[in-house]
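To keep things clear, I will list the structure first and then write my remarks on it.
The values are calculated or read from the model by the stated rules, or taken from the named source; none is laboratory data. Here the structure is a predicted model, which is why all the values come from computation and not from measurement. Cβ: placed from backbone, ideal geometry, glycine included. Neighbour counts: every protein chain shown. Remember, those area values only see protein heavy atoms, side chains included, never the ligands or the DNA or RNA. Shrake-Rupley method; radii C 1.70, N 1.55, O 1.52, S 1.80 Å.
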2 protein chains.
Amino acid sequence: MLQTRIIPPAQNAHAYPLLIKSLLLSGSRYEKTREIVYRDKLRYSYATFNERVARLANVLGAAGVKAGDTVAVMDWDSHRYLECMFAIPMIGAVLHTINIRLSAEQILYTMNHAEDRFVLVNAEFVPLYQGIAAQLTTVQRTLLLTDGEAQDADLPELVGEYESLLAQASPHYDFPDFDENSVATTFYTTGTTGNPKGVYFSHRQLVLHTLALASTIGALDSIRLMGTDDVYMPITPMFHVHAWGVPYVATMLGVKQVYPGRYDPELLVELWKREKVTFSHCVPTILQMVLNARAAKGVDFAGWKIIIGGSALTRALYDTAKSRGIQLTAAYGMSETCPLISCAHLNEELRAGNEDERITYRIKAGVPVPLIEAALVDGDGRFLPADGESQGELVLRAPWLTQGYFNEPEKSEELWEGGWMHTGDVATVDGMGVIDIRDRIKDVIKTGGEWISSLTLEDLISRDPAVREVAVVGVPDPQWGERPFALIVVHEGHVLDARTVKDHLKPFVEQGHINKWAIPSQIGLVTDIPKTSVGKLDKKRIRLDIATWQAAGSEFLSTL
Amino acid sequence: MLQTRIIPPAQNAHAYPLLIKSLLLSGSRYEKTREIVYRDKLRYSYATFNERVARLANVLGAAGVKAGDTVAVMDWDSHRYLECMFAIPMIGAVLHTINIRLSAEQILYTMNHAEDRFVLVNAEFVPLYQGIAAQLTTVQRTLLLTDGEAQDADLPELVGEYESLLAQASPHYDFPDFDENSVATTFYTTGTTGNPKGVYFSHRQLVLHTLALASTIGALDSIRLMGTDDVYMPITPMFHVHAWGVPYVATMLGVKQVYPGRYDPELLVELWKREKVTFSHCVPTILQMVLNARAAKGVDFAGWKIIIGGSALTRALYDTAKSRGIQLTAAYGMSETCPLISCAHLNEELRAGNEDERITYRIKAGVPVPLIEAALVDGDGRFLPADGESQGELVLRAPWLTQGYFNEPEKSEELWEGGWMHTGDVATVDGMGVIDIRDRIKDVIKTGGEWISSLTLEDLISRDPAVREVAVVGVPDPQWGERPFALIVVHEGHVLDARTVKDHLKPFVEQGHINKWAIPSQIGLVTDIPKTSVGKLDKKRIRLDIATWQAAGSEFLSTL
C-alpha cells in the first residue's frame, strides 16, 4: 500500500458516518407539503412521513426489536414499505424484504436462513404465513399490516396492527449514530439452481448508491429523468432491490411518491392519470401490460419518463412506448449490485447523430454511472479489450456491490473471483464505454461451435409485427450440440409459423447481424410465457416445458 | 455503541475506497468530444484531458513526487489547474492550492507550514517566487507553467516547463488504490487575526462532496442548475476551496468547462458569449464587476444560471441580475466546509407563493443539502430552536468538513467544540429549515444592549438606487458600546449623505425590520471598499481605516 498522508483515526474523530438517517436531512424535511400516496387508500405529507418514521421506530422498539435483529416485511408496495426502508435500518436493525412471489417453501427457507426475528405481514399473506409459521425457527413476534379493514389476525405472537400501533406511538425518536458498515437490508435472489441466496447492503453502500443514482437521473441525461418537481411511481417491487433504490432518492429529494400496492395494470394507469406521474421504472413485461390495459386505450402518456431494466429493452417496445408518448431509457443492474451499474444516456456525439443510432444506444445497457468500474474477462479471467467485438463476462468494482451471499462462503468466493464481482452476463463494451449485454452466460446458445445470443434473437424476432412476446432458449441437439428454440406469443389477429419467422430473420442473416445457424428450426406458439417471481423470462422452466412438449409432439410446435 | 450487524473487515474485502480517480469513470470517459477551454489559448477534448492527467502523473513521478508529498500550485484558473486537481491526489500526493492573492510573506508562511515539496509556478509569479525562494524550507523542485511563451525561467531546481514535459510523457498511468482517508488537498484560510490556517480534505470527503453537489445542482432545484448539456465557467478561484468543488462535478458529468485564467471582467463577458456559458458561481463583487464591464453593455445574459456564495446575496443584486436575464441562487459554505452546506432552492410551498417571497428565499443561505446536519447554539453551547427568530452560531456535522487546521491542535479543538463544527456565523433557522445568515459573530454590532446584523444593514442600504456598494461595521462608541458605520460607494451621477441614508432606512424601522439604533449616524463615501484576497469585504481593514479617518476628521465622512 502506498504511503499516503492518511488522516489518523484519532484526528478523524469528526468523520461523519454514512447512515440512512442522513438521507432524511434534505428534501424530505424541506418539502413538508409534498405528498406520499398509497393507491386510493391514503395520502399524507412529508411532514407526516417524518413523524411516522419516528413512530414506527418507537413501535419496533416497544415490540422488542434491537439493533442487529433482522426484521422481515411481507407487503405489496406501500407507504408502509417506504417507512420500513427508513425506520428499520435507522434503529440499527436489518430490513429483510421478502419476495412474496416465491413459493411458500422458498419464503420459509429465506426467512430461516436470514434469521428473521420480527415479521410484518400484510393481511393478504396471513394464510401463507400460517402455512409456514410452525417451521419458522427464529421469528419471535409479528405485526399485522392492513389497509384499515382488520385490527386482528390469527398470527403467532402478534404485537398488533401497524396503523393503530403507529397512532399510539410518540412521533419523536432520537436515531443513533453507528458504524456505516452496519448491514441495513437483505433479500434473496433466486438462481436457476439451488436455494435462493441472500445479498446484503450496508448503510454506507445504500447512501452512496442513493447519491450516485440521484446524480445519474438528475444530471447525466439530456433530459432530467427525476428532479424535485417530478412525480414518482415505482413499478418494480420494493422487495426487489428496494425498488432499485429509487425510493431512497425520491425521499432524499422530497419528490412526490405514489405507491400502487399490487401491480394491477388497470390501477397503474388510473394512478398515472390521477397523480400526474412523470417518472417510473420497470421491467419490459409490466410496461407491455400497462400499455395493453383497457384503461390505457387511447391514452397519450406524454411526459412519462421510464427507466427499463431487469431484461433487455427491445427496439419494438421502445418504438411502441414512443408512439404512446413515453420516453424510455435502459439501465442495467442486478440484485447483487444494489442495483445501479449503467444507464443508457446519450453523449454529445450520439445526440448529434441520427435518430436510428440514438435509439440503438437508448436500448443498450448504457455506460457505467459514477464510481462504477466495469471490465470484461474471458473464461480464464484475462481482461478483454473494449472494442465492441470481444465478448466476455462483465465484471465490476464499485462501492455498492454485495460483499457476498449471506452464510454462503463458497458462492461468495465464486462471485468475487479475482477481486471483481462476476455478473454472470456476457457483454461487449465499445470504444465509448457502452455496455451491450449479449446474454446470461448460461443462456448463450452453443450451436455448431458458434455462440448465439438468445437476447439478440429475441430482439430480432420481436421486430416482427405479429410477435407480442418471445423467449429464445437453446435446446439439446444431437448434431449441433444445441439449437435455438423460440417460444412466441402472437398478437391478436396475426398468424405466424416457423417459416414466417425464418423469412423475417433472413435479412438479418444477409446483413450479418446473425449467422444462419441462429434461425430456429422449431418454434412454439403459446398464450403466455413463464416468468420468474420478478417478471423475467423463466428460461429454466421454458427449457423443461419444451422438452416435455417435444417428447409429446405437441401441436403448437411449428417446425421448418 | 449500538450492537448492529457490522460487515466484518475480512468479509468487507471488496468495499471500494472512495478515491478521486473514481470521478473519472463516468462522464469524463463517455463525453470524449466535449471540450475543456482555457481562455483563447487552448481547447481540447475530454479524451485528451484523460490522457493529460496520466501524462502529468508521469511527469510528477519522474520529478520525484511520491505519495504523501505536498505539491503546491501557483496559477490562475486554467486547464492545468484542473489537471492538477486530479493527477496530484490520484498519485497519493497532496495538492496545495496557493492563494496567490495573499501577500508574499503570507504565501511564504503557508508554503513552509504546509511543507510543500514541489511547486508548480505560473510564469507571472516567478518574480514573487524568487522573492521568497531563499526562505522556503521544504521545497525540493519546481515546474514552470506558461501559456506557451517561455520554456525556461530562473526558478531554483527547475524540472522544466509543464506543456513540454507533458508532451514527452506517456499518456498511460495505472493509478493505484489507497486508503480513502488519505489527504487529497489543502489550502489556507485567512482569519482576521493571526496566521493563515490550513484546512485539508480527504479523497473520501471530496468524492462525497462531489456526489452531493451533483445531486443538489442536478435534481434539487426547479431548474437544473447544471446537467450534461450545460457549459460551465467558474468565477471563483480554483485556489479557493477547489472553485467550490464544481470542477470535480463538471468532470464527473463530462460537462464542457471554460477556464478564464485571471478574472478580467471584460474577458469573462467575451468568454461567456463565445463559449455559450450557462452555469457559473461567484461572489457578489465579481458579478457586479462583470455586469458593469464595457463588454456587457446592452448584453442580454438570458440562460445564465449563477450560484452566489461567499458573501450575502442582496436583493438589489438579485434584481439587477434578473433584469439582465441571469437567474441567481444563493448558496452557503466556507473554506472549512469543502464548501457546500446549503443552497437556496425553493420548495413546493414557496414556488406556489408570490414572487416577492420567492426572491426573499432565493437570496437567503438556503436549506442544508443532502447529508448536512445543521443546528444553532448559543454562547454556552445550548441548542436553540429553529423558529426563525432565535439567533445563534450555526454549527454543523457532515461528511466533508475539515477535521481540523493542519498542525494547529488548539484552533482545531475550538473549531470542533462539542463535536460540532463551529462556523463563526450568527444565523436563524426557520420552520422550513431555511438558514438565514445574520452576521459573522465578530461582525455583529453591539449597540446599547442590542445586536445589529451588519449584513441586514448592508442589504437594506444597498436597496437605495444611489448605492453601488456598501460595507457596514461597528465602531467603538463611549456611550453605546458600538455604533454602526456604513462605508458606501455611490453610483455615478448620484449623491448621498448620512441624512439621505437615514431617510432611506426609516421605513424599515417603521416596518420593524431593524430598530432605530441601527441607523448609522456617520457614513463614509469612498470610491472603493477594501476586499480580502477572496473578494470579501475586508472588515478588519475597514475598521482600521475608519479609525484613522475619524481621528483625522476626513472630509468624506458625513455625519447626521
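Yes or no: the range B:348-363 includes at least one residue that is within 14 Å of chain A (Cβ to nearest Cβ) and among the hydrophobic types (A, V, I, L, M, F, W, C).
yes
Using beta carbons and a limit of 6 Å, which pairs, at least six apart or on different chains, have the first residue in the range B:2-27 and more than 19 Å from A:W420 (Cα to Cα) and the second one assigned to a loop (DSSP other than H, G, I, E, B) and open to solvent by 30 Å² or more (accessible area, probe 1.4 Å)?
So the pair list comes out as B:L2/A:P176; B:I6/A:D179; B:I6/A:N181.
Rundown of residues vs (1) in contact with a helix residue (DSSP H, G or I) (Cβ under 6 Å, 6 or more places away or on another chain); (2) assigned to a strand (DSSP E or B), yes/no style:
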position: B:G388; (1), (2): no, no
position: B:N407; (1), (2): no, no
position: B:E414; (1), (2): no, no
position: B:G418; (1), (2): no, no
position: B:G424; (1), (2): yes, yes
position: B:I437; (1), (2): no, yes
position: B:K442; (1), (2): no, no
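Which of the strands (runs of 3 or more DSSP E) found entirely inside the range A:132-202 contain at least 2 residues meeting this: under 17 Å from A:L60 (Cβ atoms)?
Result: A:141-145, A:158-161, A:183-189.
List pairs: first residue in the range A:84-111 and closer than 19 Å to A:T190 by Cβ, second residue open to solvent by 10 Å² or more (accessible area, probe 1.4 Å) and assigned to a strand (DSSP E or B) anywhere in the structure, Cβ distance under 7 angstrom, at least six positions apart or on different chains.
Matching pairs, first to second residue: A:N99/A:Y188; A:T110/A:Y188.
Could you say whether any residue in the range A:436-448 is open to solvent by less than 10 Å² (accessible area, probe 1.4 Å), small (G, A, S) and more than 14 Å from every other protein chain (Cβ to nearest Cβ)?
no
Evaluate the range A:334-352: report whether one residue or more is open to solvent by 20 Å² or more (accessible area, probe 1.4 Å) and under 15 Å from A:L213 (Cα atoms).
Yes, because at least one residue in the range A:334-352 is open to solvent by 20 Å² or more (accessible area, probe 1.4 Å) and under 15 Å from A:L213 (Cα atoms).
Of all the residues that make up the range B:197-240, how many are closer than 18 Å to B:M85 by Cα and either hydrophobic (A, V, I, L, M, F, W, C) or more than 9 Å from chain A (Cβ to nearest Cβ) (or both)?
So the answer is 19.
Return the residues of the range B:270-310 that are under 22 Å from B:E469 (Cα atoms) and assigned to a helix (DSSP H, G or I); say none if nothing qualifies.
Hits for the range B:270-310 are B:P284, B:T285, B:I286, B:L287, B:Q288, B:M289, B:V290, B:L291, B:R294, B:A295, B:A296.
Between B:L56, B:L120, B:L95, B:L102, which is of a type in the set (A, V, I, L, M) and open to solvent by 10 Å² or more (accessible area, probe 1.4 Å)?
Result of the check over B:L56, B:L120, B:L95, B:L102: B:L102.
Go through the range B:100-126 and give me each residue that's among the polar types (S, T, N, Q) and at pLDDT 95 or above.
Going residue by residue through the range B:100-126, those that are among the polar types (S, T, N, Q) are B:103, B:106, B:110, B:112, B:122.
Scanning the range B:100-126 gives B:T110, B:N112, B:N122.
Could you list, in sequence order, the residues of the range A:158-180 that are in contact with a Ser or Thr (Cβ under 6 Å, 6 or more places away or on another chain) and open to solvent by 40 Å² or more (accessible area, probe 1.4 Å)?
Listed by number, the list holds a single entry, A:L158.
With the requirement that a residue be closer than 26 Å to A:K442 by Cβ and outside any helix (DSSP H, G or I), what does the range A:540-555 give you?
A:S554
Which of the residues that make up the range A:452-482 are over 19 Å from A:L317 (Cα atoms), of a type outside the set (D, E) and either open to solvent by 30 Å² or more (accessible area, probe 1.4 Å) or in contact with a Leu (Cβ under 7 Å, 6 or more places away or on another chain) (or both)?
Selection gives A:P476, A:P478, A:Q479, A:W480, A:G481.
Would the range A:91-100 turn up any residue that is out of contact with any helix residue (DSSP H, G or I) (no Cβ under 7 Å at 6 or more places or on another chain), over 23 Å from B:Q3 (Cα atoms) and assigned by TED's automatic domain parsing to the domain that holds A:E161?
yes
Out of B:I523, B:I514, B:I529, report the one residue that is outside any strand (DSSP E or B), touching a strand residue (DSSP E or B) at 6+ places or on another chain (Cβ under 6 Å) and not assigned by TED's automatic domain parsing to the domain that holds B:L313.
Being outside any strand (DSSP E or B), touching a strand residue (DSSP E or B) at 6+ places or on another chain (Cβ under 6 Å) and not assigned by TED's automatic domain parsing to the domain that holds B:L313 holds for just one of B:I523, B:I514, B:I529, which is B:I529.
Suppose we keep only residues that are open to solvent by 10 Å² or more (accessible area, probe 1.4 Å), part of a helix (DSSP H, G or I) and touching a residue at least 40 places away in the same chain (Cβ under 8 Å) within the range A:241-269. Which one would you say is farthest from the other protein chains (Cβ to nearest Cβ)?
A:L267
Out of all the residues in the range A:391-410, is one or more within 13 Å of another protein chain (Cβ to nearest Cβ), without any contact (Cβ under 8 Å) to a residue 40 or more places away in the chain, open to solvent by less than 20 Å² (accessible area, probe 1.4 Å) and within 20 Å of A:A312 (Cα to Cα)?
Checked against the condition, which is being within 13 Å of another protein chain (Cβ to nearest Cβ), without any contact (Cβ under 8 Å) to a residue 40 or more places away in the chain, open to solvent by less than 20 Å² (accessible area, probe 1.4 Å) and within 20 Å of A:A312 (Cα to Cα), the range A:391-410 yields at least one hit.
Please work out which residue is surrounded by the most Cβ atoms within 10 Å (Cβ to Cβ), limiting yourself to the range A:62-82 and to residues that are within 10 Å of A:A93 (Cβ to Cβ), in contact (Cβ under 8 Å) with a residue 40 or more places away in the chain and not aliphatic (A, V, I, L, M). Write out each step before concluding.
Kept after step one, since they are within 10 Å of A:A93 (Cβ to Cβ), are these residues of the range A:62-82: A:65-71.
Among the residues that remain, those that are also in contact (Cβ under 8 Å) with a residue 40 or more places away in the chain are: A:65, A:67, A:69-71.
The next check asks that each one be not aliphatic (A, V, I, L, M); those that pass are A:69-70.
Working: A:D69: 22, A:T70: 25.
The extreme case among them is A:T70.
When you scan the range B:18-53, how many residues do you find that are at pLDDT below 95, more than 7 Å from chain A (Cβ to nearest Cβ) and open to solvent by less than 30 Å² (accessible area, probe 1.4 Å)?
Here the count works out to 1.
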